[in-house]
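The structure appears below as structure tokens.
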Amino acid sequence: MSRFFSDKYQSLVPYVPGEQPRDRKYIKLNANESPFPPSPLAQSEAMKALSGLQLYSDARNTALHRELASFYGLSEDQVLATNGSDEILDLCMMAFCDEKHPALFPDITYGFYKVAAEVYGVPYEEIPLDEDFRIRPGDYFSSGKTVFLANPNAPSGIILPLSDVETVVARNPDTVVVVDEAYVDFGGESALSLIPRYDNLLVTRTFSKSRSMAGARLGFGAGNAGLIRDLSAVKFSSNPYNVNLMTAAAGIGALRDEAYTQKNLKTIVENRAWLSRELSKLGFSLTDSKTNFVFARHPAIGGGALTLALRERGILIRHFSSPRIEDYVRITVGTREELSALLAAIKDILEGSK
Ligand code: PMP
């Protein structure tokens, strides 16, 4: 660090994204990206937007908000488009958390919540998941805090039923409950339907996973119009032109090509079931993932060792070193070909470690 770095960041431990190595070609199963390209319509809309790049993007994101609202059955003042869903999570931390409203989230969840809390100096509390990595809804009742729940959770992949999500929202009437649905399209039931009934519910979504647009950076928040106004005020004060022209156009194209998304979702869900079965046959135990990744451990090899051995064979998966999950690996569900190569490499590694 330089001598100019603010004292307030001296103990900051930045979020570590899944690596994007350029040194050789890997089978990339480490960042929960889609193995499929974006919809052809998303691509052609983005191309069309290129010739208008001399102008700023629409800071109000009017066309995109209209499309999002109509696609999800909401009104335009109930959505806010952002630069990836990380940005809407960031805005929630800025808008709804402070000394009086600390953040609250599970001990095993998306690591960005903790990092965002730290960067904004927000006090936070982590609640341990149960021994099966499940959220106990009762732990979040009457919390007096701004609750962040990833549903399905990451990296466990486990879903909290919508009725439990609703109870957590209902039992925190005076604080905001942020439900991060980055992976909900792969098998979860969305809390978007609860928005008309709860003024303290903010749902976040992303185009990075089910819509194959991780590199475009598009997400959004949905909630009561009052919450959206708050978030919008913070957005206009930090990054007014947050969604670039190409990305906004691609997002509209992707929403108008739902058949393409549904086809890919079906493939990923089938591949997830197949991969889970094959890993079980090899002796892995797995959580019940409703996402585009599996979370698994093997009795004969630790998560770190397996990740390293696969890397040497040109396959990237993700390992987290926090003590409760260090035996596990998180593997993105790719194509059948990618997963066949993964399984062959794992067999080879397990043979070698006997
Ligand atoms: N939430 C969860 C649970 C995630 O795993 C991710 C992806 N790392 C995000 C949000 C953020 O995704 P993005 O910024 O690409 O929308």
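The values are calculated or read from the model by the stated rules, or taken from the named source; none is laboratory data. Keep in mind it's a predicted model, so treat the numbers as computed, not measured. Ideal geometry is used to build each Cβ from the backbone, glycine not excepted, and the neighbour counts take in all protein chains shown.
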Do the conditions hold for ALA216, that is, is it in contact (Cβ under 8 Å) with a residue 24 or more places away in the chain, in contact with a helix residue (DSSP H, G or I) (Cβ under 7 Å, 6 or more places away or on another chain) and within 16 Å of the ligand (Cβ to nearest atom)?
yes
What are the residue pairs meeting all of these: first residue in the stretch 255-269, first residue farther than 18 Å from SER44 by Cβ, second residue of a type in the set (Asp, Glu), Cβ atoms under 9 Å, and 6 or more apart or on different chains?
LEU265/ASP185
Count, please, the residues in the stretch 45-79 that happen to be small (Gly, Ala, Ser), surrounded by 13 or more Cβ atoms within 10 Å (Cβ to Cβ) and not in a loop (DSSP other than H, G, I, E, B).
4
Name the single residue, out of those in the stretch 134-162 being part of a loop (DSSP other than H, G, I, E, B) and hydrophobic (A, V, I, L, M, F, W, C), that is surrounded by the most Cβ atoms within 10 Å (Cβ to Cβ).
ILE135
Could you run through the stretch 105-127 and say how many residues are without any contact (Cβ under 8 Å) to a residue 60 or more places away in the chain, more than 14 Å from the ligand (Cβ to nearest atom) and either outside the structural domain of GLY157 (by TED's automatic domain parsing) or out of contact with any helix residue (DSSP H, G or I) (no Cβ under 7 Å at 6 or more places or on another chain) (or both)?
3
Is there any pair with a first residue in the stretch 81-98 that is free of Cβ contacts under 8 Å to residues at least 60 places away in the same chain and a second that is more than 9 Å from the ligand (Cβ to nearest atom) and part of a helix (DSSP H, G or I) whose Cβ atoms are under 6 Å apart and which are 6 or more apart or on different chains, and what are they?
ASP90/ALA116; MET93/ALA116
Would you mind stating whether ARG311 is surrounded by fewer than 20 Cβ atoms within 10 Å (Cβ to Cβ), in a helix (DSSP H, G or I) and within 23 Å of the chain's Cα centre (by Cα)?
no
